[in-house]
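Structure first, then comments.
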Amino acid sequence: MCGIVGYAGWQNAKSVLLEGLKKLEYRGYDSAGMALMLSGDLKIFKGAGEICDLEDKINLDSKECSFGIGHTRWATHGRPSDENAHPHCSCCNKIAIVHNGIIENYQHLRGWLEESGHRFLSETDTEVLVHLVEHYYTGNLMESMRRALALVEGSYALLAVSSWEEGHLVCARKDSPLVIGLGEQENFIASDIPALLSHTRRVYILDDGEMAAVTSSGVKIYNMRGESVDKDIFEIGWDAVEAERGGYPHFMLKEIMEQPQAVRETLRGRLDADTGRVKLSELKFTPAEIQSIEKIHIVACGTAYHAGLVGKYILEKKLQLPVEVDLASEFRYREPLLAPRDLVVAISQSGETADTLAALRLARDKGVRVLAITNVVGSTLSREANDVLFTWAGPEIAVASTKAYLTQLVTLYLLALDFAVARERITSEESAELGRNLSFLPDKIEELLSTNSLNKMQTYAQKLARSENAFFIGRNLDFAVAMEGSLKLKEISYIHAEAHAAGELKHGTLALITEGVPVIALATQQHVLEKTISNVQEVKARDADILILTMTGNDHVEKHAHEVIYLPAINDFFTPILTAVPLQLISYYAAEIRGCSIDKPRNLAKSVTVE
Ligand code: AGP
């Protein structure tokens, strides 16, 4: 996944494009480049390294340039290098393109193009696109792109310029996001909204199979047959500052601290303020349709998958329905047994994760209804699902997902309560009582973000940061959250971490528990608390260093642990939304102590829009 930007207008294109690329760095940052139109010629600046390195390369008199394209890359085909950086140019150097996606049949196309005399300079899949466009170019960039894309298999958000058509940006999208920002005598193209927020809040969101011709004075949108397409202008609610760091050292800490508000926003309008009754008015299910559901399949990746694991427990408990949770990358290739009355719930912060989108499309192809839970309005997932429940977490920039995870959990709780009433599994009064517990959550999360609490996490992280291994254990809902705690720690601090069902340790993993090994035990589920504590004693007997997370009032566990973090009192059905917060914080502080690149961990990117 990469970030692309384009500009045509009256401003200094170099500055506009660099600013946009910096806002897209979370999509990938191993190399960057820009093509600027200078005195009728395309000037290319690109190379391995981050966007700040690119800025140093562009030594030109910027007033001359008000038109160009840019790219920040996360390598998929071809290692990070100067020649593999985008933009890629045609043999004649008159056409340049930037691309986000994967061209699956690029080897075949490259062979044919090389036989036709085209010279390739990189090992990327993308470069075939610019040579294809050049091959078909007869004076109309849009037409040549359309003919080129007819041969292409794969995904693309593609943006091209030519010195033969100064001032014209041509773009196309299939399976990779692309938005067009509308300004006054200037227009913008970008992979994602934060890149253009400081200039405009009015955008077109391109759909798959759409192309656009953009100049400083106009935007024309077409389908792949060349027919004009009318689209509504989308007004963005986010402020530019929201997508900035807001004074925190890292986006991740900012987003952890935003969680109370993110949960409030996600609950807003969905919980009756007086009764606590849940109402998900955005869903188009009839009571009969909800009652007819026979099985739920949750599909997601990474942290969203871990939210799904919590979803399994709460949906099965409240709906008395079988719920399966699948990694989307597995689901899409295991020929899942789907029946017409099943419901697929696809969870994705970005709404652009390739595997999750593929799982959605597989379900839709089988005629199964798909409900999306996503954080990005206008995302592909949100537009291809039958129903959407948005998490209102606001832009999540840090690669490590925090507030999106918490709001995914909140949304799953809302769904469980709403459907449970429709299926007459609980009464409206019981739903309202449980709903009121949800409404208490933002304040309780704030307690876990108090200065005293943050200091306690920092102190524990001092010890954790010196370890190279760590184990998270729990039972039931706690095991589901332990999975997320483990991912958080390893993806930002690079400490090897594993999560295990507490009852499973003695079946093998206990062999790894030796003196001083950190074991973080989640013990919030009252009905299995003593079982979990006996598992803690197993690791204590091996001299592990033990941190227990439990509910206020469970003081008796202190004798089994070196440290205990007490969570504010709440019905233990809802504890995952609280337990996750200390786990995010100890991971963040451990990574900070270890000097890791917290917002942009090595090898990772925020939105995995390729397989
Ligand atoms: C989360 O901390 C990870 N960065 C990653 O696992 C992420 O959750 C996963 O890639 C899914 O992304 P999505 O929610 O945008 O689909």
In nm, spacing of pseudo-spin labels at Glu282 and Tyr248 (7 Å Cα→C-beta vector): 2.2 nm
About the Cα centre, charge dipole magnitude for the range 444-586 (Lys/Arg +1, Asp/Glu -1 at Cβ), debye: 100 debye
Compactness of the range 201-241 - radius of gyration and Dmax, Cα, Å: 12.0, 39
Kirkwood Rh, Cα atoms: Rg over Rh of the range 331-396: 0.98
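Using 0.36 nm times the number of residues separating Trp238 and Asp443, minus their current alpha carbon distance, what extension gain do you get? Numbers along the way, then the final one.
Values: separation 205, 0.36 × 205 = 73.80 nm, distance 2.37 nm.
Here the answer is 71.4 nm.
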log10 of Debye I(q)/I(0), alpha-carbon scatterers only, for the range 502-544 at 0.13, 0.27 Å⁻¹: -0.25, -0.97
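Assuming 0.36 nm per residue, please report the length gained on full extension of the stretch Ala541 to Leu604 beyond their Cα-Cα distance. Kindly include the intermediate steps, with their values, before the conclusion.
Values: separation 63, 0.36 × 63 = 22.68 nm, distance 3.71 nm.
Gain on extension, Ala541 to Leu604, equals 19.0 nm.
Can you tell me the length gained on complete extension of the stretch His108 to Thr451, counting 0.36 nm per residue apart and subtracting the Cα distance?
On the way: separation 343, 0.36 × 343 = 123.48 nm, distance 5.87 nm.
Additional length available on full extension: 117.6 nm.
In whole percent, what relative contact order does the range 461-611 give with Cα contacts below 8 Å and a gap of six or more residues? Mind showing how you got there, number by number?
Details: 262 pairs, mean separation 42.7, N = 151.
About 28 percent, as a whole number.
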Positive dipole terminus of the chain, leading residue within Asn452, Ile221, Met34 (C-beta point charges): Asn452
The range 131-194, Cα convex hull volume normalised per residue, Å³: 90 Å³
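Apply 1/(1 + (r/R0)^6) to the Cβ-Cβ distance of Ser39 and Thr138, taking R0 = 30 Å, and write down the FRET efficiency to the nearest 0.05.
Working: r = 25 Å, r/R0 = 0.83.
Between Ser39 and Thr138 the formula returns 0.75.
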Debye log10 I(q)/I(0) at q = 0.17, 0.23 Å⁻¹ for the range 233-353, Cα point scatterers: -1.15, -1.39
Quarter of Cα convex hull surface for the range 465-569, i.e. mean projection, nm²: 6.1 nm²
Cα coordinate range in the range 68-139, projected on the principal axes (Å, largest first): 31, 29, 18
Tail weight of P(r) past 19 Å, computed on alpha-carbon pairs of the range 339-476, percent: 66 percent
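Hey, with R₀ at 30 Å, roughly what FRET efficiency would Asp82 and Arg361 work out to, going by the Cβ-Cβ distance, to 0.05?
0.25
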Approximate spin-label separation Ser122-Glu330, in nm, with each point projected 7 Å along Cα-to-Cβ: 3.5 nm
Cα→Cβ-extended label distance, 7 Å offset, between Glu50 and Lys506, nm: 4.9 nm
Distance-filtered residues of the range 351-372 - backbone nitrogen under 15 Å, label point 7 angstrom along Glu289 Cα→Cβ: 364, 367-372
Debye log10 I(q)/I(0) at q = 0.30, 0.32 Å⁻¹ for the range 1-47, Cα point scatterers: -1.23, -1.31
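Which whole-number percent of Cα pairs in the range 404-451 have a distance greater than 11 Å? Don't skip to the end; give the middle numbers.
Values: 783 of 1128 pairs.
Of the Cα pairs, 69 percent sit more than 11 Å apart.
Suppose only helical runs count, i.e. DSSP H with n ≥ 4. What mean residue ellipticity at 222 nm does that imply for the chain under -39500 (n - 2.57) per run, divided by all residues and rounded to the nearest 500 deg cm²/dmol?
On the way: 18 runs with 210 residues, N = 611.
It lands at -10500 deg cm²/dmol.
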Residues of the chain: accessible area per residue with a 1.4 Å probe, Å²: 37 Å²
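Give me the percent of accessible area attributable to carbon and sulfur for the chain, probe 1.4 angstrom.
On the way: 10780 of 22470 Å².
Ligands and nucleic acids excluded, carbon and sulfur give 48 percent.
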Protection-proxy order for peptides 346-356, 578-588, each taking the mean of Cβ atoms within 10 Å per residue, highest first: 346-356, 578-588
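Evaluate Rg over Rh across the chain, taking Cα atoms for both radii and Kirkwood's formula for Rh. Present the calculation step by step, with values, prior to reporting the outcome.
Details: Rg = 25.4 Å, Rh = 25.4 Å.
Taking Rg over the Kirkwood Rh, I get 1.00.
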Between the range 127-187 and the range 404-455, the alpha-carbon center distance in angstrom: 46 Å
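Taking the Cα centre of the range 199-243 as origin, work out the dipole magnitude from +1 charges on Lys and Arg Cβ and -1 charges on Asp and Glu Cβ, in debye rounded to 20.
220 debye
The values are calculated or read from the model by the stated rules, or taken from the named source; none is laboratory data. Model, not experiment: these values are computed from the prediction. As a convention, Cβ positions derive from the backbone with ideal geometry for all residues, glycine included, and neighbour counts pool all protein chains shown. These accessible areas exclude ligands, DNA and RNA; they are computed on the full protein's heavy atoms, side chains included. Shrake-Rupley method; radii C 1.70, N 1.55, O 1.52, S 1.80 Å.
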